[in-house]
Amino acid sequence: MPGAKNSYPFKLGGFECLVVKDGPLIGPDNRAARSAGPKISRGVKIMDVSCLLIKTPAHLVLIDTGFGPGARPVIGGIPQNVGHLLPIMQKAGISPLEIDTLILSHAHPDHIGGLVDRNGQPVFPHARHFIPRREWDFWWSNPDLSMVEDNFKQAVLAAIAKNLLPLRDRFELVVDGTGIVPGIQLVSTPGHTPGHSSLIVTSGTQSMVCICDVLHWPREITHPDLASSSDMSLPRANISRHAILSRIVQSGALVFACHFPFPGLGYVLTDGREYLWQPYR
Ligand SMILES: [Zn+2]
């Protein structure tokens with residue numbers, strides 16, 4: 001798998017992996033707003049959105065799908081330049097038709113937006129589609145979303161209607177501990193959403209934890225009680241953050257975090273008092 005500034009190849013044991021950057025999320029530049037002079041700002045990067053491809057000896061697996069082709073969500077009044085997963089994959093020589101296993105960590109727009117094309121057809125037609133059962137059941141239960149900002153709520157529901165509804169017969173529902181393909185196991189990490197899940201990837205003696213949206217910024221490694229504004233249950237998210245960080249430190253596993261600065265790879269160390277983030281490169 002070739003590399004480029006928006007794709008990052010690496011190996012985990014016998015698995016070939018490729019991080020693909022779907023795009024950066026940009027927010028209003030508050031520093032510019034506070035300074036004297038014209039209040040014109042192009043915004044500042046808030047966080048990256050990355051997806052992960054894993055080629056095992058038997059499967060080509062994609063974890064999450066970004067915002068989707070042509071998506072132009074507006075955040076804080078700023079149109080976002082995202083939805084680049086497919087062209088970057090194709091530039092790396094990978095066709096969406098080759099993906100045989102598609103795993104969703106949760107049902108937010110930046111993770112499910114790339115499931116269908118503009119005609120409502122599946123982008124990954126040959127893939128088995130997996131989603132955590134608790135996540136699936138929650139979103140079809142007419143849930144109480146009063147804890148979520150209204151704009152975000154509308155975006156989430158629209159993304160579910162566009163991407164999950166047309167594919168509802170395709171999904172296979174998985175639970176904590178499910179081995180999805182050899183070497184890739186689901187682990188339940190709820191709080192960001194009720195069914196949010198992470199993935200433990202193991203090949204030979206090497207392992208990686210894909211924490212998806214358990215944490216959004218490296219500073220949360222040192223301060224795991226910091227909330228993300230999009231966490232639906234802060235107490236539950238805090239429990240998941242502490243549990244997964246403890247597991248990561250004990251195992252020494254590589255970490256992939258979808259929203260950390262691209263490529264979102266690194267290790268969690270401890271000095272005995274607090275956790276520290278050490279980027280992979
Ligand atoms: Zn996300």
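The values are calculated or read from the model by the stated rules, or taken from the named source; none is laboratory data. These numbers were taken from a predicted model, which means no experiment stands behind them. Ideal geometry is used to build each Cβ from the backbone, glycine not excepted, and the neighbour counts take in all protein chains shown.
Tell me whether the range 192-214 contains one or more residues that are outside any helix (DSSP H, G or I), more than 27 Å from Phe10 (Cα to Cα) and more than 16 Å from the ligand (Cβ to nearest atom). Walk me through how you get there before you give the answer.
Here is the first cut: in the range 192-214, the ones outside any helix (DSSP H, G or I) are 192-214.
Checking the rest, the ones that are also more than 27 Å from Phe10 (Cα to Cα) come to 192-195.
Retained after the next criterion (residues that are more than 16 Å from the ligand (Cβ to nearest atom)): none.
No, the range 192-214 contains no residue that is outside any helix (DSSP H, G or I), more than 27 Å from Phe10 (Cα to Cα) and more than 16 Å from the ligand (Cβ to nearest atom).
For every residue, the table says whether it meets (1) within 26 Å of Trp277 (Cα to Cα); (2) in contact with a helix residue (DSSP H, G or I) (Cβ under 6 Å, 6 or more places away or on another chain).
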residue: Pro166; (1), (2): no, no
residue: Val175; (1), (2): no, yes
residue: Pro182; (1), (2): no, no
residue: Thr189; (1), (2): yes, yes
residue: His192; (1), (2): yes, yes
residue: Ile221; (1), (2): yes, no
residue: Leu234; (1), (2): yes, no
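Residue-by-condition table, conditions (1) in contact with a strand residue (DSSP E or B) (Cβ under 8 Å, 6 or more places away or on another chain); (2) part of a loop (DSSP other than H, G, I, E, B); (3) surrounded by fewer than 16 Cβ atoms within 10 Å (Cβ to Cβ); (4) modelled with pLDDT of 95 or more:
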{"residue": "Asp225", "(1), (2), (3), (4)": "no, yes, yes, no"}
{"residue": "Asp231", "(1), (2), (3), (4)": "no, yes, no, no"}
{"residue": "Phe260", "(1), (2), (3), (4)": "yes, yes, no, yes"}
{"residue": "Leu269", "(1), (2), (3), (4)": "yes, no, yes, yes"}
{"residue": "Gly272", "(1), (2), (3), (4)": "no, yes, yes, no"}
Seminar exercise, completed: Reported set for the range 246-258 where residues are in a helix (DSSP H, G or I) and closer than 30 Å to His84 by Cβ is Ile248
Problem set entry | In the range 92-146, residue nearest to the ligand (Cβ to nearest atom) [restricted to those that are over 14 Å from the mean Cα position of the chain (by Cα) and among the aliphatic types (A, V, I, L, M)] | Leu145
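This table checks each residue for (1) aliphatic (A, V, I, L, M); (2) over 18 Å from the mean Cα position of the chain (by Cα).
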| residue | (1), (2) |
| --- | --- |
| Ser228 | no, no |
| Leu234 | yes, yes |
| Arg247 | no, yes |
| Val255 | yes, no |
| Leu269 | yes, yes |
| Arg273 | no, yes |
| Gln278 | no, yes |
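Quick grid of which residues meet (1) surrounded by fewer than 17 Cβ atoms within 10 Å (Cβ to Cβ); (2) touching a residue at least 12 places away in the same chain (Cβ under 8 Å); (3) within 17 Å of the chain's Cα centre (by Cα):
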| position | (1), (2), (3) |
| --- | --- |
| Gly195 | no, yes, yes |
| Ile200 | no, yes, yes |
| Gly204 | yes, yes, no |
| Trp217 | yes, yes, yes |
| Thr222 | yes, yes, no |
| Arg241 | no, yes, yes |
